[in-house]
Structures are given as C-alpha cells and as structure tokens.
1. Being farther than 28 Å from ARG192 by Cβ, open to solvent by 10 Å² or more (accessible area, probe 1.4 Å) and at pLDDT below 95 is the requirement here; does LYS120 meet it?
2. If I go through segment 154-186 residue by residue, how many of them are acidic (Asp, Glu) and closer than 28 Å to HIS103 by Cβ?
3. Test of understanding: among SER287, SER296, which residue is at negative phi and buried (at least 17 other Cβ atoms within 10 Å of the Cβ)?
4. Picking from ARG52, ARG29, ARG37, which residue would you name as being open to solvent by less than 50 Å² (accessible area, probe 1.4 Å) and outside any loop (DSSP other than H, G, I, E, B)?
5. Answer yes if at least one residue in segment 221-228 is more than 17 Å from PRO80 (Cα to Cα), hydroxyl-bearing (Ser, Thr, Tyr) and over 19 Å from the mean Cα position of the chain (by Cα), and no otherwise.
6. I'd like to verify a number: residues in segment 175-202 that are touching a strand residue (DSSP E or B) at 6+ places or on another chain (Cβ under 8 Å) and more than 20 Å from CYS217 (Cα to Cα), how many?
7. Taking the conditions exactly as written (open to solvent by less than 20 Å² (accessible area, probe 1.4 Å) and over 17 Å from PRO208 (Cβ atoms)), does VAL73 satisfy them or not?
Amino acid sequence: MRRYFGTDGVRGTVNQEPMSAEFSLVLGRAAGHVLTRHLGHKPHILIGKDTRLSGYMIESALCAGLTAQGMNVLLVGPVPTPAVAYLTRSLRADAGVMLSASHNPAGDNGIKFFASNGFKLPDEIELEIEHCIDHLPPLPPALEIGKAARVDDARGRYIEFLKSALPRGMRFDGLKVVIDCANGAAYDVAPRILRELGCEVVAMAASPDGFNINRDCGSTHPERMTQRVVECEADIGLALDGDADRLIACDARGQIVDGDRVIAILAEHAAAQGGLTGGAVVTTLMSNMGLERYLSGLGLAMHRAAVGDRYVLEMMRDTGCNMGGEQSGHMIMLDYNTTGDGLMTGLQLLLAMSEQGKALADMASDMPLFPQKLWNIVMPVRRDVMADDAVCLLVEQAEERLGGNGRVNVRMSGTEPKLRIMVEAEDETLMLDVGESLVEAISARVC
C-alpha cells in the first residue's frame, strides 16, 4: 500500500503533510539515498516547477534534502512538466523532479519524479523511497554533500525541442491563435514558440503572480478562451493547464474540442501518413464510445487503460502504440516525448490543420459523441469502494439498465479523496436517470 505516492507523485495542500517543507526535505534525503544505491554513483537530479508561490519553499527544502544526501541538483526554474521529462534526458541527469499540482488550485502542490529516460519512476522505486522516508539512513560526511546549480537556458532548449517535432522550416504564417497559459508553467514558452513559428498570438492568463494559477482559466476553465476566440476571430484556441501537460482546444466558432476529439484528429492524420504504430491508440475508461466507433470506421482499434496518464503510457509500451491520451486533454506521443505535452499537442493540431488545409471545425466533425456525465462524491478518506460487494452489485444493476448501449465507471480519484462515477449512454434521459440513481445509492452506502 502506498502512503505518499499517488498515480501522479506526492500531492496535497501546502503546509499540511505531506506537502510541507519538513516532509520535502525528508523526501529529498530518502530519494537521494535510494537513487544513489541503485545507480552506484553520486547522481545528478534536475528540478523544475510551475508558478505556485509554494514552489520556492518546496524547491529549497527538496534541494536541501537531496544535496545533504550527496546528490548534485540542477535547478531549471518554471517550466512545463514535459520540459522536465525532456531536459532530464537532454542534460543527461540521473532523475528529474517536477513541482506542480497540475490543474489544482494554488494552495496545492506536488512532487513528481522522472527516471533518467524521461519516464516516471517505476512503482518499485517509489515504494523503496516511501520505506526509506520512515527509515532514513545516516548522512554522508561533510565533504561528500552535493552541490546545486541553476540552468539558465532551460526554456530555450525546450522551445527548440518542440520545433524539432515539426517538419524542417514549417511555419504557421496567417494562423491566428488564442493561447490560454493558465498563469502556469508555460506562461513564457507558449506565446514565444507560437510567435517564432509565425502565428498571430493572443495570449491569455500569461501573468502569474504565485496565486492565480488555474484560477478561472486554463484547460479546466476554457470558457474565456472560447469567448476570446470568437471575439478576435481567431482560427483556433488552445488552453493549457498549470503544468502544461494537457490541452483543451476550441475551433473558430468557439466550440470545445476535448481530448477525445483531439485523439481522433491526430490519429487520423498520423495514420494517413503511415505514422501511427500498433494500428491503434490507447485511451482510458473515460473516453467516449463515439471515439471508439469513429476510430473503428478508420480501421483503427482503441485500447482502454485505467484512468491516469501513467496507465495510458504503460499500455502504449505494452501494445506498441505511439499515440495515446485522455479525454481531459493529456496526449502522449512517444515519437516525441515520454509524457503528456500540451504544447506539443497544440503544435501537432496546427500542423494537421496546415497540411490538410482544413479548419479545426471540419476535422473529425462527424465523430459521434454519446451523452456522458461525471459525478463526484467527496469521501471521508480515500479507500477502494469497489472492494465492497454491495457497491459492485449496484454498479452491475446500473449497467444492466443500460442494456449494452452504455457504460458505467466507478473509481477513486488518484489525487483527491473523491469517488468519481461516470455514466454514458446513447439515450441521454436514460443516462441521467441511471447516473443519479447510482450516485444516490452509492452515497448512502459509503458516506
């Protein structure tokens, strides 16, 4: 059982365990010890962060713990999560760390580790670190501590990496793009790269103050972005989240293009050019059945993983697929990066539009969408409710009511004490009735 690490690292409210300065220092010492033991030499570890005010505190404490245990640290400052994955590889670091709580509000923060290959640390290493937190080793001698140094050109390196994923000399002259940076990690690099590629850029939520990350902006609140697209007659809107690993787009009419439709557009484009491996894409249990039908019509399969980009990536590697994603906007394109990358996704959308000569509204426009709704039940504590036979029976009964023309998914959030219940069906009235009845019945059982 995990005590600290969830599906996306350690996360919580700042100044409450485990997201405190004290815990961050201990975590740094534990991680330093475990990684040193596995590598057999004094490791280098890279640390990036988003724009939360607490990032300074946690960065300092984590850096202190790592250097105290003998690790050398490279500090790259505010950069997107996918930049940390890339820079860990590019700078030949032995591990990377991103300090972010993704789309959560400014009062939360998180610590996510990457291995030297840019993939998340294996589960067994995270569990070793958890064990070490409660059994800290002795500190090394005074002259064997590590050192810390800042990397000044991290953002520029990441911008050049993003460009390298496009055809040589490719520009997007004439395209007007609204980019919502969520007052987060991409506040600088996102507008910069779009301008360098020739776009007319309208930047939004690009003035972080340490407190406004994700506040009424970004991929979880795209309403202002869609409104701005219509007002300024832009060709496309792109909304990132706080650490820029996910993207929600909108077309010129202000209509939302979520992760499912982005997958459809990019998979179709890649398949037409012979660039889609495995004859399939990987999505999650939350992806719409309409996407599955659309891909089937293209002769492509769809594999469903558990919710979380970690599980999407695992299935991609198991099935040989190079493209996968989530309805929430995470897109993983293994030909380019090892984790979800919102900016990379946006650039690939612009590339598909340019090469096909189509407006975004005309791409995958005939993909059907089944009515779908997600309910959240706040739990007293996180626990596996599907281990409760009575809850399993309630879910089975709900699925029987859908008669094979819909789906039910019940799961605990990987980052919050919330039970998420998703119901999807061809008939919206039936979907709502089944969902509301199920939520009421499960709430009475678990709360």
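The values are calculated or read from the model by the stated rules, or taken from the named source; none is laboratory data. What you see is a predicted model; the values in this text were computed from it and never measured. Note: ideal-geometry Cβ built from the backbone for every residue, glycine included; neighbour counts use all protein chains shown. Just so you know, the surface numbers come from the protein's heavy atoms only, side chains and all, with ligands and any DNA or RNA stripped out. Shrake-Rupley method; radii C 1.70, N 1.55, O 1.52, S 1.80 Å.
1. Against the criterion (farther than 28 Å from ARG192 by Cβ, open to solvent by 10 Å² or more (accessible area, probe 1.4 Å) and at pLDDT below 95), LYS120 does not qualify.
2. Residues in segment 154-186 being acidic (Asp, Glu) and closer than 28 Å to HIS103 by Cβ: 2 in total.
3. On the way: SER296 fails: buried (at least 17 other Cβ atoms within 10 Å of the Cβ).
So the residue among SER287, SER296 that is at negative phi and buried (at least 17 other Cβ atoms within 10 Å of the Cβ) is SER287.
4. ARG29
5. yes
6. Total meeting the criteria: 4.
7. Numbers: open to solvent by less than 20 Å² (accessible area, probe 1.4 Å): yes; over 17 Å from PRO208 (Cβ atoms): yes.
Spelling it out, VAL73 is indeed open to solvent by less than 20 Å² (accessible area, probe 1.4 Å) and over 17 Å from PRO208 (Cβ atoms).
Yes/no per residue for (1) assigned to a helix (DSSP H, G or I); (2) of a type in the set (A, V, I, L, M); (3) open to solvent by less than 60 Å² (accessible area, probe 1.4 Å):
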{"residue": "LYS112", "(1), (2), (3)": "no, no, yes"}
{"residue": "GLU128", "(1), (2), (3)": "yes, no, yes"}
{"residue": "LEU136", "(1), (2), (3)": "no, yes, no"}
{"residue": "ALA149", "(1), (2), (3)": "no, yes, yes"}
{"residue": "ARG157", "(1), (2), (3)": "yes, no, no"}
{"residue": "LEU166", "(1), (2), (3)": "no, yes, yes"}
{"residue": "PHE172", "(1), (2), (3)": "no, no, yes"}
